[in-house]
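Here the structure comes first, spelled out in structure tokens, and everything after it is commentary.
The values are calculated or read from the model by the stated rules, or taken from the named source; none is laboratory data. In this text, all values refer to a predicted model and were calculated from it rather than measured experimentally. Methodologically, a virtual Cβ is constructed for each residue, glycine included, from the backbone with ideal geometry; neighbour enumeration extends over all protein chains shown. Surface accessibility is based on the protein's heavy atoms, side chains included, excluding ligands, DNA and RNA. Shrake-Rupley method; radii C 1.70, N 1.55, O 1.52, S 1.80 Å.
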Amino acid sequence: MVGAAPRLRADNRADRTLSGRHGRALRIGLISAWVPLSLTLVQCSKAPTPAALAANSQANVQGGSQVVAKTHQQVASGDTFEDRFPAPPFRERFPSPSESFLQRQMSDFSPKRAVQQQPPEQAPYRVASLEPQLPYKRPAREDLTTLVSMKSSAFPYFGNNPASDAPFLNISKGDRRGHRSYSGRVYWQDETYSDSRVLVHVPEHFDVRKPGVIVVFFHGNGATLERDVRDRQLVPKQITDSGANAILLAPQMAVDAADSSAGKFWQPGGFKRFMAESADHLARVTGDPNSARAFANMPIVIVGYSGGFLPTAWSLEVGGISDRVRGVVLLDAVYGEMDKFASWIESHRSGFFVSAYTRYTARRDRELMSTLRQKGISVAEDMDGPLRPGSVVFVETGDGITHRDYVTRAWTRDPLKDVLVKMLATPALALTRVASTNSPASSR
């Protein structure tokens, strides 16, 4: 028994020694696993630096004592919580005024009436859709008044005077040629009979796609297109103010001269050539080349003032398109050629004829009235009634109405405007209907 006791104590010491070694190894293993985990938990989702990853990786390989020593070294170097998560400065906790949200009042949350913004003005357009279709809006424009040179205008003219069958330019002085008028005065070709321009006026409301009418105005003696027809007699303005779908053609006759010569309108077919050329110019002026055909078939109203009676009469007689002429207006202009006017009235009962006169032409107007009544044609002597197809009206104007101002003041102010307004008020007149292209034009 005595011998066995020392051996038992020795065995117990050996067991304690082994168990102590196992315990130390277990503690070192636990520390090796706990230290990297604790570092990860302390960082709280902060991405580890490459140095920390390398240190952790090295700690897993080396012994626990080295890990503990490195950990204490990092703590000693200032790698604390405050170092890794410093307190935010004031500017980060409280934004500056420019970064703050807008302060609102209670009134900001009350309902407000919506303000409808006007869309910017856009150019007219077509809508490609089945329905509904927005109507096409023609581009807006202003009145157009311009001078256009035409080869078929009245002058220059080198033909004969049909009244005498003699050359129109019947006098010469060296290389200069001229015309001696009925009064005996000589007008030179280069000064008086060389202007081929035509005053063209297109109102802003004119639409070639709708039924329209061309007004041809033959001015009187002593006139120019700009000074008299446009600015004094206000012919373009009267056409615009009437509201009719009408345009104006006013050829320059003898320039500022006491002469009623008709020039190329004396020639057979002269008026027809003038209107044909005008159609092309009107298409170009209005910016629609495809409208030339519409202009070439549009009905015509001829207005002759004073000495304009002569080109008016010859255009009706030999112009070649008298069937397109749906109306004739003479403003103190019956100085002759009554047979030509009577012939047109008798053979064109679908048109109208108006002659207003002063004491200067009263005798001839009454003579023409008598001729028409003998032919069985009804004649009215005032402009109070409606203007119908076949209407023949003679209007005498009394004292106080001067010949010079007759284009702007006759039986009423702006007589040309009054005629066009009456045309609009009489649908049965059909003056703004485009002439049928199937019906042959008169060869007269």
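So here's what we get for this one:
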read-out	value
Candidates per GluC sites (Glu not before Pro) in segment 282-347, loop by DSSP, up to 10 other Cβ within 10 Å	none
Segment Asn170-Asn221, extension gain: residue separation times 0.36 nm, minus the distance between their alpha carbons	16.4 nm
Heavy-atom accessible surface of segment 297-348: percent carbon and sulfur, 1.4 Å	48 percent
Trypsin sites (Lys or Arg not before Pro) lying in DSSP loop within segment 182-229, provided at most 12 other Cβ fall within 10 Å	Arg185, Arg209
Hypothetical label at Ser183: residues of segment 218-261 whose amide nitrogen lies under 17 Å (7 Å Cα-Cβ projection)	219-224, 253-261
Segment 380-407 versus segment 278-308: alpha-carbon centroid distance in Å	26 Å
Per-pair calculated FRET efficiency, R0 = 45 Å: Arg388 and Arg363 via Cβ, rounded to 0.05	0.95
Spin-label model distance (nm) - Ser350 vs Asp256, 7 Å beyond Cα toward Cβ	4.4 nm
Loop trypsin sites (Lys or Arg not before Pro), segment 297-369, which have at most 16 other Cβ atoms in a 10 Å radius of their Cβ (DSSP)	Arg349, Arg359
Accessible-area order (highest first, 1.4 angstrom probe) of the listed residues Lys173, Lys422, Lys272	Lys173, Lys272, Lys422
Per residue accessible area of segment 311-411, 1.4 Å probe, in Å²	41 Å²
Per residue accessible area of segment 146-236, 1.4 Å probe, in Å²	47 Å²
